[in-house]
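Participant: Let me give you the structure first, and then I'll get to my questions.
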Amino acid sequence: MKHDDFQTKLVHAGPDREPRTGASSIPIYQVSTYHQNDPEHLGRYDYGRSDNPTREALEQAIAELEGGVRGFAFASGMAATSSVLMIFQAGDHLVVGEDIYGGTYRILTAVFKRWGLETTFVDSTDLEQVRAAITPKTKAIFVETPSNPTLKITDLPAVAEIAQERGLLAITDNTFMSPLLQRPLELGFDIVVHSATKFIGGHSDLIAGLAVVKDAKIGQRIRHVQNAFGAILGPQDSWLTLRGLKTLGVRLIRQQESAGAIASWLQTRPEVKKVYYPALENHPGCKVHLRQAAGGGAVVSFELASKEIAVKMMKAVKLPLVAVSLGGVESILSYPATMSHAAMPAPERAARGITDGLVRLSVGLEAAQDLIADLGQALDSPEC
Ligand SMILES: *Cc1c(COP(=O)(O)O)cnc(C)c1O
């Protein structure tokens with residue numbers, strides 16, 4: 001699908017107007033309960049944890065956009081991932097990409113493990129490792145591509161094929177690409193999760209999570225968890241997420257263009273040892289990535305020659321926030337060594353390329369030339 005077609009879909013996905021009044025925006029149904037005309041036969045809506053029309057509009061929209069049969073909205077990306085993982089049970093085993101989001105690693109190793117869900121972490125860019133880790137107890141493969149922060153690429157159709165051959169569910173976190181650039185269900189995956197906090201929300205003013213399934217039966221299992229566990233997205237935040245979806249196309253296409261320009265410029269700077277951006281020809285996963293995604297996205301990581309230069313630059317930039325998170329309209333510069341990967345021991349970080357010189361830039365909607373000029377002056381600034 002061309003970007004143009006998908007932009008149309010983004011604007012009109014789900015119920016794109018409110019049927020009773022024709023309102024152009026689905027109202028925020030700020031409500032916990034619903035009057036029942038017949039106490040013996042409850043109506044479509046009975047309680048806000050179970051159903052809310054604003055949340056439902058968002059759930060329909062994301063299901064359409066990801067090409068699934070059912071969508072779910074949760075209180076955060078981690079609530080989405082955790083609720084999906086709750087469809088498994090003690091004794092089940094998962095094969096998980098070692099470069100998944102830190103919070104996913106934490107919930108698997110520090111929470112679900114205590115409840116008997118076992119995980120083997122593998123380098124999911126190496127399909128042999130994925131295959132070798134499967135045991136008779138394995139129920140699913142969970143990967144994330146591009147990964148964070150070094151943007152390693154996992155071959156989604158190949159992983160989906162392995163899962164299908166072995167009767168496993170294939171699950172992926174599609175936060176970095178969004179359905180605009182990558183639609184894993186169309187590539188054979190069964191479940192997609194999102195931190196809608198990032199590109200889908202898009203304005204750094206919201207925490208939200210989404211999940212979409214390809215199969216109605218799996219949808220029922222997640223629905224059961226959503227209603228029972230109750231980590232639902234509230235109506236206000238559902239509305240903000242719906243609003244974010246409508247502009248995702250124009251935002252991310254522009255951010256991606258700027259990211260490409262910045263990645264190329266970074267390669268010309270003597271202080272920059274390495275640039276990680278999956279649409280660069282010298283990125284090892286470039287070919288695989290561009291087969292399964294419509295561009296490199298808007299996150300660029302780069303390694304500066306030393307920790308001192310990295311710290312100096314982060315102190316001297318004026319436009320980007322220096323912060324955790326990504327996907328906002330403002331550029332965000334993150335420092336994995338003390339932020340997302342602080343909990344990882346230094347040698348393990350180094351083995352994954354997450355050195356003290358590595359920074360990650362989520363490219364916002366500022367003009368690319370202004371961002372380049374700002375990063376340039378920050379790199380040129382005297383050491384503090
Ligand atoms: C931020 C993020 C999450 C977690 O989402 P929250 O909304 O912060 O709970 C999960 N996966 C990825 C790839 C993320 O970037």
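Participant: How long is the gain from Asp215 to Leu321 if the chain were fully straight, where each residue apart is worth 0.36 nm and the alpha carbon distance is subtracted?
Facilitator: Extending this stretch completely gives an extra 34.2 nm.
Participant: Let me understand segment 194-303 better: what is its radius of gyration from the alpha carbons, and its Dmax, in angstrom?
Facilitator: 18.0, 55
Participant: If you average the C-alpha positions of segment 63-85 and of segment 233-280 separately, how far apart do those two centres end up, in angstrom?
Facilitator: 22 Å
Participant: Okay, moving on. State, to one decimal in nm, how far the label point of Arg106 lies from the label point of Gln129, with both points 7 Å from Cα in the Cβ direction.
Facilitator: 2.3 nm
Participant: Of the listed peptides 272-282, 104-114, 217-227, what is their order by residue-averaged count of other C-beta atoms within 10 Å, with the highest listed first?
Facilitator: 272-282, 217-227, 104-114
Participant: Once the mean 1/r over all distinct Cα pairs of the chain is inverted, what Kirkwood radius in angstroms do you read off? Working shown, then result.
Facilitator: On the way: mean 1/r = 0.0465 Å⁻¹.
Here the Kirkwood hydrodynamic radius works out to 21.5 Å.
Participant: Rg to Rh for segment 229-293: what is it, with Cα atoms only and Rh by Kirkwood?
Facilitator: Numbers: Rg = 17.5 Å, Rh = 14.8 Å.
That ratio is 1.18, to two decimals.
Participant: Here is a follow-up. What is the sum of charges around Lys312, taking Lys and Arg as +1, Asp and Glu as -1, for the other residues whose C-beta is under 12 Å from the C-beta of Lys312?
Facilitator: Details: positive: Lys307, Lys315; negative: Glu271, Glu308, Asp380, Glu383.
So the environment of Lys312 carries a net charge of -2.
Participant: On to the next question. Give me the number: length gained by fully extending His35 to Phe229, i.e. 0.36 nm times residue separation minus the C-alpha to C-alpha distance, one decimal in nm.
Facilitator: 67.5 nm
Participant: Reachable lysines from Lys246, Cα under 25 Å, same-chain residues fewer than 8 places away excluded?
Facilitator: Lys2, Lys9, Lys198, Lys214
Participant: Expressed in whole Å with the largest first, what are the equivalent ellipsoid semi-axes of segment 249-380 derived from the C-alpha gyration tensor as the square root of 5 times each eigenvalue?
Facilitator: 21, 18, 14
Participant: Let's see if you can work this out: charge +1 on each Lys and Arg Cβ, -1 on each Asp and Glu Cβ, no other charges. What is the dipole magnitude of segment 205-262 about its Cα centre, in debye to the nearest 20?
Facilitator: That gives a dipole near 220 debye.
Participant: Tell me, what is the percent relative contact order of the chain, built from C-alpha pairs under 8 Å that lie six or more residues apart?
Facilitator: Relative contact order, the chain: 17 percent.
Participant: Okay, moving on. Pick out, from Ile28, Ala63, Ala170, the residue whose Cα sits farthest towards the positive end of the charge dipole of segment 3-244, with +1 on the Cβ of Lys and Arg and -1 on the Cβ of Asp and Glu.
Facilitator: Ile28
Participant: Straight-line reach from Lys217: which aspartates and glutamates fall under 12 Å, measuring Cα to Cα and dropping same-chain residues less than 8 apart?
Facilitator: Partners found: Asp190.
Participant: Can you compute the helix-only [θ] at 222 nm over the chain? Use -39500 (n - 2.57) per DSSP H run of at least 4 residues, normalise by all residues, nearest 500 deg cm²/dmol.
Facilitator: Only helices count here, giving -11000 deg cm²/dmol.
Participant: Setting aside same-chain residues fewer than 8 positions from Lys273, which lysines have a Cα under 21 Å from its Cα?
Facilitator: Lys273 reaches Lys152, Lys307, Lys312, Lys315.
Taken together, the values in this text are just the output of simple stated rules run on the coordinates, not laboratory data. Here the structure is a predicted model, which is why all the values come from computation and not from measurement. Ideal geometry is used to build each Cβ from the backbone, glycine not excepted, and the neighbour counts take in all protein chains shown.
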